[in-house]
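Trainee: Can you keep this structure in mind? I'll have questions shortly.
Read-outs throughout are calculated quantities, based only on the coordinates presented, and are distinct from any laboratory measurement. Remember, predicted model here, so these are calculated numbers, not experimental data. Every residue, glycine as well, gets a Cβ built from its backbone with ideal geometry; the counts of neighbours run over all protein chains shown.
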Amino acid sequence: MLAAALGVAGAAAVSATVSATVSATAAAAAGAARPAPSAAPAARIPVASGAPAGPKAARVAEYHGWSGHADWLAGTAKGVRAEGGARPGIVISRPLGSVDYTDPHTGTTAAWEYATWTSPVRRLSVPATEAIVSWNARTPAGTWIQIELKGTYTDGSATPWYVMGRWASDDGASSIRRTSVDGQSDDKSSVWTDTLSIDDPASGLRLAAYQVRLTLHRRPGTTLTPTVWRVGAMGSDVPDRFEVPASTPSLPKGHELAVPRYSQEIHKGQYPEYDNGGEAWCSPTSSQMIIEYWGRKPSAGDLAWVNPDYADPQVCHAARATFDYQYEGCGNWPFNAAYAATYRDLRGVVTRLGSLTDAEKLIAAGIPLITSQSFLATELDGAGYGTSGHLMTVIGFTADGDVIANDPASPSDDAVRHVYRRRQWENIWLRTKRYDANGQVKSGTGGVCYLYFPARPTPAQHRVLRELGIL
């Protein structure tokens, strides 16, 4: 048991950590104001910075991941071991002990054996106002993982260990409900669903460095184990801006990828327990399109629970598999990336890009991307709607440089493909500030995107991913 492994004080500390974060979750759910879950997380995250726009501010984000065997050996392992092979990862070897966890979404208290891996300290080349952690893992029924981040501020002080997610790929009776954790703050920074944000960027305070900690859990007395193949974090300091500089098209002949087309709107009213389909399912619908572009699909067994009268049951499956029980929606960015990586040899990363030129490099290498944006109906010609947060897939560019997107907010699968004006798209995606229909200033996404790609990319794909800091 835990007391035997760590001593009574150690057991109390771990139990207190779990209890405190669960209590914070319950308190936040009871009293904290929260946005509508149909909006993507970016619509509610205060993206802000005191950094001026200009040539020297071109690099605004840095992603770093741990995924190779040497990466796992470089961290601090307590009760886990690194496995080699084609897809290196970490697994439970000898648990440190057990800890009770009360699932705030079921009320069930259960004991779980656990082990931990902690990354080396990563110093950011871009001191950050925000950080987003994403991960790739397999969690058999009866296992789950907790992902935490601890930052060091530029004033030398440190954040607490913030819980960035409690995640399991399934939601069966033997597993926990995957969840973000509300109510986490130290009066300098706060966690907003899936993003750690500096509370007052104008003060000049930034995150200078961080560590990531993984805690792997399993049912006591079993040999089950999660396997974590990748964990990484993106730190960013995006300048405050209502408009971004225009980029020059770099694909003179254009290029379009053959990505499947799925509409979220044909699912309106389906599965209220997973946020009711329709506009709430833009993220999982986009994820499913890209997953299937790479030739992966859920099995017949995976889809057996879906009403056979529903079209595109794999979209229903994606919604269930990305649902965040605290946020009460499917728009948790890292949960979508983690879902994609449950498929054979796929990786999923959440990051920020700096321009559509970066997106063109990915498209040219055969990698589509999923972007998050918010806009008024008048700001994106041809969309026919406005949104406080929406995910779409970028699948190509025309010869003139306009964006070819599979937009899930379309009335049918056949209507999903759109061509949007480059200048409009670039601005609504990369800006951090915007006006809503009432003239109020709201946040923008600052270039957030999901990237899904093979564990063994082609040389051209590897080159582009490395250039963008993903590999």
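Trainee: Hey, rough spin-label estimate for ASP436 and ASP186, points 7 angstrom out along Cα→Cβ, what's it come to in nanometres?
Mentor: Distance between label points: 3.1 nm.
Trainee: While we're looking at this one, here's another question. State, as an integer percentage, the relative contact order of the range 156-232 based on alpha-carbon contacts under 8 Å between residues 6 or more apart.
Mentor: Once divided by the residue count of the range 156-232, the mean separation gives 17 percent.
Trainee: Hey, if you put +1 on the Cβ of every Lys and Arg and -1 on every Asp and Glu Cβ in the chain, which of CYS449, GLY329, THR432 ends up farthest toward the positive end of that dipole?
Mentor: Towards the positive end, the residue furthest out is CYS449.
Trainee: Determine the percent antiparallel among the DSSP beta bridges restricted to the chain, to the nearest 5.
Mentor: Of those bridges, close to 100 percent are antiparallel.
Trainee: Strictly greater than 28 Å: what percent of every Cα pair in the range 255-467 meets that?
Mentor: 23
Trainee: For the pair ARG123 and ALA258, what calculated FRET efficiency results from E = 1/(1 + (r/R0)^6), where r is the Cβ-Cβ distance and R0 = 35 Å, to the nearest 0.05?
Mentor: So the FRET efficiency works out to roughly 0.25.
Trainee: Please report the orientation-averaged projected area of the range 77-198, defined via the convex hull of its C-alpha atoms, in nm².
Mentor: So the mean shadow area of the Cα hull is 8.9 nm².
Trainee: What relative contact order, as a whole-number percentage, does the chain give when Cα pairs under 8 Å and 6 or more residues apart are counted? Don't skip to the answer; put the middle values down first.
Mentor: Working: 1176 pairs, mean separation 90.8, N = 471.
So the answer I get is 19 percent.
Trainee: For ASP100 and THR76, compute 0.36 nm times the residue count separating them, minus their Cα-Cα distance, and round to one decimal in nm.
Mentor: 6.3 nm
Trainee: A further question on this structure: Given a cut-off of under 8 Å on Cα pairs at least six residues apart, what relative contact order in percent is computed for the range 90-182?
Mentor: Here the relative contact order equals 20 percent.
Trainee: Here is a follow-up. May I ask you to compute the full-extension gain from ALA455 to SER203, defined as 0.36 nm times their residue separation minus their alpha-carbon distance, rounded to one decimal in nm?
Mentor: The ALA455-SER203 span can extend by a further 86.7 nm.
Trainee: State, to one decimal in nm, how far the label point of ALA311 lies from the label point of THR108, with both points 7 Å from Cα in the Cβ direction.
Mentor: Distance between the two pseudo-spin positions: 3.6 nm.
Trainee: Ignoring everything except DSSP H segments at least 4 long, calculate the 222 nm mean residue ellipticity for the chain; use -39,500 (n - 2.57) per segment, divide by total residues, nearest 500.
Mentor: On the way: 8 runs with 93 residues, N = 471.
That comes out to -6000 deg cm²/dmol.
Trainee: Please report, in whole Å, how far the alpha carbons of the chain spread along each principal axis, starting with the longest.
Mentor: 66, 56, 48
Trainee: Determine, from the Cβ-Cβ distance of ASP400 and THR378 and an R0 of 22 Å, the FRET efficiency 1/(1 + (r/R0)^6), rounded to the nearest 0.05.
Mentor: Given R0 = 22 Å and the Cβ-Cβ separation, E is 0.55.
Trainee: In whole angstrom, how far apart do the alpha carbon centroids of the range 364-431 and the range 107-130 sit?
Mentor: Between the Cα centres of the range 364-431 and the range 107-130 lies a distance of 34 Å.
Trainee: Okay, next question. Number of Lys-Lys pairs in the chain under 24 Å by Cα, sequence gap 8 or more or different chains?
Mentor: For the chain, qualifying lysine pairs total 9.
Trainee: Putting +1 on Lys and Arg Cβ atoms and -1 on Asp and Glu Cβ atoms, find which of GLY156, SER169, LEU196 reaches farthest to the positive end of the dipole of the range 110-223.
Mentor: Towards the positive end, the residue furthest out is SER169.
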